[in-house]
Amino acid sequence: MLGGLRNVVRQELVARQLDEQIVGRYPVGQRLRVLDVGMGQGTQALRLARAGHQVTGVEQDATMIAAARESLSGEPEGIRERMRIVEGDGRDTGVHFLPGSFDVVLCHGVLMYVEEPDALLAGLARMLAPGGLLSLLVRNGDALAMRPGRSGDWAAALGAFDTAAYTNRLGLDVRADRLATLTATLAGIGAPLRSWYGVRVFTDDAADGAELPPDMDALLAAEERAGRTDPYRGVAALLHLCGVRG
Ligand SMILES: C[S@@+](CC[C@H](N)C(=O)[O-])C[C@H]1O[C@@H](n2cnc3c(N)ncnc32)[C@H](O)[C@@H]1O
């Protein structure tokens, strides 16, 4: 897993929330077919393969694929066999896979880079078997004023109320998504929203690469509680939306 407090909180919270959804939907021990679109270095994909699931990761960036392959190469053979990496665009899942061939589809930290997300999302929903789970992690477009507001940049905070555009920590101009809009989209593509969580309510302002504090367990417990509790989850930096294919 990439180091740094912010990424550890993000990955750990998403893992706990995802496991809660999986446990609630499938018998313990069932080997699930998982598709991870925009898998990056494969943190969640590898975790799920280690847990016994059959995982396919799609990624368009060669550097990320190399990092994922490197991590995978250190795993026992049984885990390596359960994970497949496909180089390609997440908008082309229909080219690579048959409709309905996955139980769980992940798309984490990708939507912000996609200008017209509806076609991508519809394609992901088509990949799901009936009852399958679509897990989306997006930048929270309802709370874009929080970061500049907390840092005292009032002009930027005021500007953030009426836009979905923001500049991320890599300096890229990207797009956030709003809960209400995605709720409508998920209903429209046949995978209505079942549950949603906030991710990074308290630690979003941590410096890049900030080290883990000694009381990390308590920090994660507080983040996890806030991520499932109103009104805290509504102003989290990221939203984790889980839709279920009807
Ligand atoms: C912020 S990273 C997130 C990685 C991983 N999903 C995670 O949550 O840790 C976003 C990843 O999505 C990939 N990506 C963005 N647009 C994509 C697309 N259209 N098709 C495939 N991968 C894409 C990027 O290359 C990058 O590796």
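The values are calculated or read from the model by the stated rules, or taken from the named source; none is laboratory data. As the structure is a computational prediction, the values presented were derived from the model and not from experiment. A quick note on method: Cβ atoms are made from the backbone with ideal geometry, for glycine too, and the neighbour counts reach across all protein chains shown. When the accessible area is computed, the model is the full protein with side chains, heavy atoms only, and any ligands, DNA or RNA have been set aside. Shrake-Rupley method; radii C 1.70, N 1.55, O 1.52, S 1.80 Å.
When the range 220-246 is limited to residues that are assigned to a loop (DSSP other than H, G, I, E, B) and either open to solvent by 20 Å² or more (accessible area, probe 1.4 Å) or among the charged types (D, E, K, R) (or both), the one that is farthest from Arg147 (Cα to Cα) turns out to be Gly246.
Scanning the range 31-41 for residues that are touching a His at 6+ places or on another chain (Cβ under 9 Å) and open to solvent by 20 Å² or more (accessible area, probe 1.4 Å), we see that the one that is nearest to the ligand (Cβ to nearest atom) is Gly38.
Tell me, please, whether a residue that is of a type outside the set (Gly, Ala, Ser) and more than 24 Å from Asp19 (Cα to Cα) can be found in the range 131-145. Even if it seems obvious, please write down each step before you answer.
The initial filter retains those residues of the range 131-145 that are of a type outside the set (Gly, Ala, Ser), namely 133-134, 136-140, 142, 144.
From what is left, the residues that are more than 24 Å from Asp19 (Cα to Cα) are 142, 144.
Yes, because at least one residue in the range 131-145 is of a type outside the set (Gly, Ala, Ser) and more than 24 Å from Asp19 (Cα to Cα).
With respect to Met64, determine if the residue is under 30 Å from Thr229 (Cβ atoms) and within 14 Å of the ligand (Cβ to nearest atom). Taking the combined requirement at face value, the residue does not satisfy it. Checking Arg139, Arg82 one by one, the residue that is over 24 Å from Gly52 (Cα atoms) and either within 14 Å of the ligand (Cβ to nearest atom) or not hydrophobic (A, V, I, L, M, F, W, C) (or both) is Arg139 and no other. Filtering Gln17, Gln44 for residues that are away from the ligand (no atom under 12 Å from the Cβ), modelled with pLDDT of 95 or more and crowded, with 21+ Cβ neighbours inside 10 Å leaves a single hit, Gln17.
Filtering the range 199-219 for residues that are open to solvent by less than 20 Å² (accessible area, probe 1.4 Å), within 19 Å of the chain's Cα centre (by Cα) and of a type outside the set (Val, Ile, Thr) leaves a non-empty set. Taking the numbered list (1) on the phi < 0 side of the Ramachandran plot; (2) touching a helix residue (DSSP H, G or I) at 6+ places or on another chain (Cβ under 6 Å) in turn, Arg200 passes all entries but (1).
So, Met127, is that one touching a Leu at 6+ places or on another chain (Cβ under 7 Å), at pLDDT 95 or above and more than 9 Å from the ligand (Cβ to nearest atom) or not? Against the criterion (touching a Leu at 6+ places or on another chain (Cβ under 7 Å), at pLDDT 95 or above and more than 9 Å from the ligand (Cβ to nearest atom)), Met127 qualifies.
Applying the set (1) surrounded by fewer than 22 Cβ atoms within 10 Å (Cβ to Cβ); (2) within 16 Å of the ligand (Cβ to nearest atom) to Ala49 leaves exactly one unmet item: (1). Filtering the range 186-219 to residues that are within 16 Å of Asp142 (Cα to Cα), in contact (Cβ under 8 Å) with a residue 40 or more places away in the chain and outside any strand (DSSP E or B) leaves Arg200, Asp204. Criterion applied to Asp142, Asp153, Asp173 was being among the acidic types (Asp, Glu) and touching a residue at least 12 places away in the same chain (Cβ under 8 Å), and the one residue passing it is Asp142. For the range 153-169, does any single residue satisfy the condition of being under 20 Å from Gln17 (Cβ atoms) and at pLDDT 95 or above? No, there is no match, as no residue in the range 153-169 is under 20 Å from Gln17 (Cβ atoms) and at pLDDT 95 or above.
Where helices (runs of 4 or more DSSP H) fall entirely within the range 62-179, those with at least 3 residues that are buried (at least 16 other Cβ atoms within 10 Å of the Cβ) are at 62-73, 117-127, 146-150, 154-160. Quick one: in the range 20-30, of everything that is surrounded by fewer than 18 Cβ atoms within 10 Å (Cβ to Cβ) and within 18 Å of Arg228 (Cα to Cα), which residue is modelled with the lowest pLDDT? Across the range 20-30, the extreme among qualifying residues is Gly24.
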